[in-house]
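Novice: Okay, here's the structure, questions in a sec.
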Amino acid sequence: MDFLTQTSTLQWLLIIGSSVVFFILAPYAKDVETFFKAQHRGKAPSMIMLTGSLIISWIFAKSITNAANLGLEFGLVGGVAYAGYYLSFAVAGIIIYQLRNVGGYESIHQFLTHKYGKQAVALFSILISFRLFNEVWSNTMVIGTYFGDMGSTPYYAAIIVFTLLTLAYTLKGGLSSSIFTDVIQMVLFSVLLMIILGVIFAEPSANVGEMMTSGTWSMEMGLNLFFAALLQSFSYPFHDPVLTDRGFITSPKITRKSFLWAAVLGGLCIVLFSLVGVYAQQAGLEGQAAVEVAKKLGVVLLLIINFIMITSAASTLDSTFSSFSKLLTLDLGLGSTVTFGRVMMVLVAVLGTIPVFLDTEILSATTISGTMVIGLTPVFLLWKLKVPRSSYFLSVICGLVFGMLLVFEWFPESLIFTTGRYASLLWINIYGVLLSFLLFLLPLWIKRF
């Protein structure tokens, strides 16, 4: 009997038990304001609730797995590099504050419709729909790997059960359920992370001083990713409705403050979790850092790491269901009732789970990467500028083209001026963002001259 099989019963209890508790505690939504805008008894979420919800909805299972693996590969520099993406919160918080206070907009879709028309919204909605589908399978697949090898019966069973249980409590209250349970999940994540780090630091073989100074601050050893993450942070948050939906549910000032705090605290959480991978590097482990560390340090730590994965994946999954529901119901106006919203949640749960059973190459081909949306950078950073509608399409399509160049490795190596992993990611983003700005402004220059 292998290591995973020995603990499978306890892991099943964690998934089922936590989901049942969330279902019992989650508020029941009877109206549109509660279901789609998270209002509870007529009140919007507080700053603490919104900040916690933002952080945990982005510290999803895939991200903390990546953080640990980058810690294993690059040391602490890897964790810092990945935390660079959390600049997204600060960028989104400031831009959304301006859109609301200066522009008077009540949603991203309203802004795009008013400025660029319905076709622009259609293209944008396709991009974020792919993003939401990806969120479903990419997070549930991480959960599956803790129950069995990819493709095995326990692997698929864990994915299906986890998805259905998370769907159940989200159907009950929509975004209200999502934000309410996010607060619980954030507290659990924080406590479990401290326990994990406490166990690791207490290990005789762990050298805490070396862990905190591990890695080399060079382009090839992690900084390629760091600068790429910073660059993508000016577009990445706007194609993620899980994040942007939370920018319009409370007052502009509370929203801005919450997003800025989330940038700092979320990035810190990612750096701290990357220490799991740094320890794995010290211990000479290979493979999936979090899983291998758990195997090395025993059943109890495996269950704790498993629970932190469940917590983070559930928070992202329930937010994904809520955002997809709001997208089709309110943003695109395909429905107007809570019942329609609940049906849309079931739809994305089913469609988002189907890719789990497909080939991994198909999954990578259907992923909307951060590079593919870099064309949104000038759209939001220069949102006040009056430009022709063609500016939007030229910029967004430019980003999609550069994203395809990255995915299919078609970009000329002669234009990449650093070495190491993520060098192509960095330089494709640099060229892509510069050209997006150029194409965004081009119709305006032509019009003037």
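Novice: Return the total of residues in segment 100-117 being among the β-branched types (V, I, T) and touching a helix residue (DSSP H, G or I) at 6+ places or on another chain (Cβ under 6 Å).
Specialist: Qualifying residue count, segment 100-117: 2.
Novice: Criterion first (more than 17 Å from A229 (Cα to Cα), within 25 Å of the chain's Cα centre (by Cα) and modelled with pLDDT under 95) does L444 satisfy it?
Specialist: no
Novice: Tell me the helices (runs of 4 or more DSSP H) entirely within segment 278-392 that contain at least 2 residues that are over 30 Å from I195 (Cβ atoms), aliphatic (A, V, I, L, M) and touching a residue at least 40 places away in the same chain (Cβ under 8 Å).
Specialist: The helices (runs of 4 or more DSSP H) meeting that bar are 338-353, 360-365, 376-381.
Novice: Could you list, in sequence order, all residues of segment 399-411 that are in a helix (DSSP H, G or I) and open to solvent by 10 Å² or more (accessible area, probe 1.4 Å)? Break it down into steps so the answer makes sense when it comes.
Specialist: Within segment 399-411, the subset in a helix (DSSP H, G or I) is 399-407.
Listed by number, the residues that qualify are L400, V401, F402, M404, L405, L406, V407.
Novice: Sticking with this structure for a sec: Any idea how many residues of segment 254-298 are open to solvent by 10 Å² or more (accessible area, probe 1.4 Å) and polar (S, T, N, Q)?
Specialist: Selection size over segment 254-298: 3.
Novice: Here is a list of conditions, (1) closer than 30 Å to D318 by Cβ; (2) crowded, with 17+ Cβ neighbours inside 10 Å, and F227 meets all of them except one; can you say which number that is?
Specialist: (1)
Novice: Go through the residues of segment 425-432 one by one and say whether even a single one is surrounded by fewer than 20 Cβ atoms within 10 Å (Cβ to Cβ), modelled with pLDDT of 95 or more and either under 22 Å from the mean Cα position of the chain (by Cα) or on the phi < 0 side of the Ramachandran plot (or both).
Specialist: yes
Novice: Out of curiosity, is S369 under 23 Å from F238 (Cα atoms), under 21 Å from the mean Cα position of the chain (by Cα) and of a type in the set (S, T, Y)?
Specialist: yes
Novice: Another question, then. So F307 fits all but one of (1) touching a Phe, Trp or Tyr at 6+ places or on another chain (Cβ under 6 Å); (2) open to solvent by 10 Å² or more (accessible area, probe 1.4 Å); (3) aromatic (F, W, Y); what number is the exception?
Specialist: (1)
Novice: I'd like to check something: does segment 73-82 contain any residue that is touching a residue at least 12 places away in the same chain (Cβ under 8 Å), open to solvent by 30 Å² or more (accessible area, probe 1.4 Å) and closer than 27 Å to I397 by Cα?
Specialist: As a first pass, look at segment 73-82 and keep what is touching a residue at least 12 places away in the same chain (Cβ under 8 Å): 73-82.
So of that shortlist, the ones also open to solvent by 30 Å² or more (accessible area, probe 1.4 Å) come out as 73, 80, 82.
So of that shortlist, the ones also closer than 27 Å to I397 by Cα come out as 82.
Checked against the condition, which is being touching a residue at least 12 places away in the same chain (Cβ under 8 Å), open to solvent by 30 Å² or more (accessible area, probe 1.4 Å) and closer than 27 Å to I397 by Cα, segment 73-82 yields at least one hit.
Novice: Could you count how many residues in segment 52-72 are closer than 30 Å to F340 by Cα, hydroxyl-bearing (S, T, Y) and open to solvent by 10 Å² or more (accessible area, probe 1.4 Å)?
Specialist: 0
The values are calculated or read from the model by the stated rules, or taken from the named source; none is laboratory data. No experiment lies behind these values; they were computed from the predicted model shown. Quick reminder, even Gly has a Cβ in these numbers, built from the backbone with ideal geometry, and neighbours come from all protein chains shown. These area figures cover heavy atoms from the full protein model, side chains too; ligands, DNA and RNA do not enter into them. Shrake-Rupley method; radii C 1.70, N 1.55, O 1.52, S 1.80 Å.
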